[in-house]
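K.L.:
My questions all concern the structure below.
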Amino acid sequence: MTTALITHTDCLNHVTPPGHPERVDRLMAIYSAFDAMDLSNVLRIDAPMGTDTDILRVHPRAHIDAVTDAAPSVGSVALDADTHMSTGSLKAAYLGVGAMTKAVDMVLGGEVQNAFAAMRPPGHHAEKQTPMGFCLFGNIAIAAKHALDAHGLERVAIVDFDVHHGNGTQDLLWDEPRTLFISSHQMPLYPGSGAAHETGASGNIINIPLQANSGGAELRKAYERVVIPALNDFKPQLLLISAGFDAHRNDPLANLNWDEADFAWATQALCDVADTHCEGRVVSTLEGGYDLDALAASTRAHLEVLIKRGTHG
Ligand SMILES: [Zn+2]
């Protein structure tokens, strides 16, 4: 078995205004990290386009229409203060959806052990009818629904370690009892949601707010005390990861002060759970991470764990 690495260079055509943190250079930095890695055992795949059928599992038609209608034919447009579309953004967003459904298909089909999708724009802030926080479609929630509805799974877990609350994933899966969504995030911080009392319609959501400057030690405690026991209770048949790397100590948008070793540790812990309950089946996707060097090093640390687990089980 091996790891699938899914991306598409058309994600470089999603161009944000000068000075915007979610920028083309992020993916370029990640590609440079890939170039420095031994990927000889990795299956590299160009992301296919996602479909409206995929997106409609979590967003209403009105959302697809609004995003499609907003897409500019020249220049760029601001959907809100943070979220922009250029001429290449709509295609990049559909590729982000397709990357995740393809990753789920490959992992559940037994073609690969696990998968990482290096895509932008990210997805975990997009709510049912509201693009926000640099995000247009809720890629990871779409992937979860695809695993449930197209593959017939009964339980899919999603763990989000981006430094920001995964409000979009929470919104899209609030009343979906077949999913368990666990988000750890700095609080207070954008977008402001993610308090511990937000638990979903059936206790299917767990929010773990962390204090600024709490560091990797608090992350590890939270995983040992809350995340891993909850996953062991839920017994997922597939584990999805919203892998944002903006909790890194060098990130300009937040202050959780994790480092590459913390991201590797969290990835190992999640792979251990996946080994126990779902034959090691893990699909991970890039969310945030805005210091280019920290993003490249953290993505590499995360991917190296997936590759090691993909190769050796
Ligand atoms: Zn983030």
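K.L.:
Describe numerically, in nm with one decimal, the distance between label points set 7 Å from Cα along Cα→Cβ at Thr276 and at Asp175.
P.N.:
3.2 nm
K.L.:
Once you have a ≥ b ≥ c as the square roots of the Cα gyration tensor eigenvalues for the chain, tell me rounded if a/c is under 1.5, and otherwise prolate or oblate according to whether a/b is larger than b/c.
P.N.:
Rounded.
K.L.:
Please work out the C-alpha center-to-center distance from region 242-270 to region 136-208 and express it in whole Å.
P.N.:
So the separation of the two Cα centres works out to 18 Å.
K.L.:
OK, next. Would you be so kind as to identify which of Thr276, Leu292, Asn250 lies farthest towards the positive end of the dipole of region 241-295, taking Lys and Arg as +1 and Asp and Glu as -1 on Cβ and the Cα centre as origin?
P.N.:
Among Thr276, Leu292, Asn250, the one farthest towards the positive end of the dipole of region 241-295 is Thr276.
K.L.:
Moving to a separate point now. At 222 nm, what helix-only mean residue ellipticity would the chain give, in deg cm²/dmol to the nearest 500, using -39500 (n - 2.57) for each DSSP H run of four or more?
P.N.:
It lands at -11500 deg cm²/dmol.
K.L.:
Checking the a/c ratio against 1.5 first, then a/b against b/c, what shape does the Cα gyration tensor give for region 170-313?
P.N.:
Oblate.
K.L.:
What would the Debye equation give as log₁₀ I(q)/I(0) for region 125-172 at q = 0.17, 0.26, 0.28, 0.29 Å⁻¹, counting only Cα atoms as equal point scatterers?
P.N.:
Each listed q corresponds, in turn, to -0.50, -0.96, -1.04, -1.07.
K.L.:
Ok, one more. Which order do Arg57, Arg249, Arg26 take when ranked by solvent-accessible area (1.4 Å probe, heavy atoms of all protein chains), largest first?
P.N.:
Arg249, Arg57, Arg26
K.L.:
Also: Which one of Gly75, Gly203, Gly123 has the biggest mean-square fluctuation once the chain is modelled by GNM with Cα springs under 10 Å?
P.N.:
Gly75
K.L.:
What shape does region 1-151 take by its C-alpha gyration tensor, where a ≥ b ≥ c are the square roots of the eigenvalues and a/c under 1.5 counts as rounded, a/b above b/c as prolate, and the rest as oblate?
P.N.:
Working: a/c = 2.38, a/b = 1.24, b/c = 1.92.
Cα axes put region 1-151 in the oblate bin.
K.L.:
Additional query: Kindly report the accessible area of region 209-313 per residue (heavy atoms of protein chains, probe 1.4 Å, no ligands, DNA or RNA), in Å².
P.N.:
In whole numbers, region 209-313 has 37 Å² accessible per residue.
K.L.:
Measure off, as a whole percent, the carbon and sulfur share of the 1.4 Å-probe accessible area of region 1-141, all protein chains present.
P.N.:
Details: 2700 of 5210 Å².
Exposed carbon and sulfur together represent 52 percent of the surface.
K.L.:
If you restrict to DSSP beta bridges whose two residues both lie in the chain, what percentage is antiparallel, to the nearest 5?
P.N.:
In the chain, DSSP labels about 10 percent of beta bridges as antiparallel.
K.L.:
Next up: Pop out the carbon and sulfur fraction of the accessible area of region 166-313 as a percent, whole number, probe 1.4 Å. Can you show the working numbers first?
P.N.:
Numbers: 2590 of 5360 Å².
The value for region 166-313 is 48 percent carbon and sulfur by accessible area.
The values are calculated or read from the model by the stated rules, or taken from the named source; none is laboratory data. Nothing here was measured: the structure is a model prediction, and the numbers come from that model. Heads up, the Cβs are rebuilt from the backbone with ideal geometry, glycines too, and the neighbour counts pull from every protein chain shown. Protein only, heavy atoms only, side chains kept; ligands, DNA and RNA dropped before computing areas. Shrake-Rupley method; radii C 1.70, N 1.55, O 1.52, S 1.80 Å.
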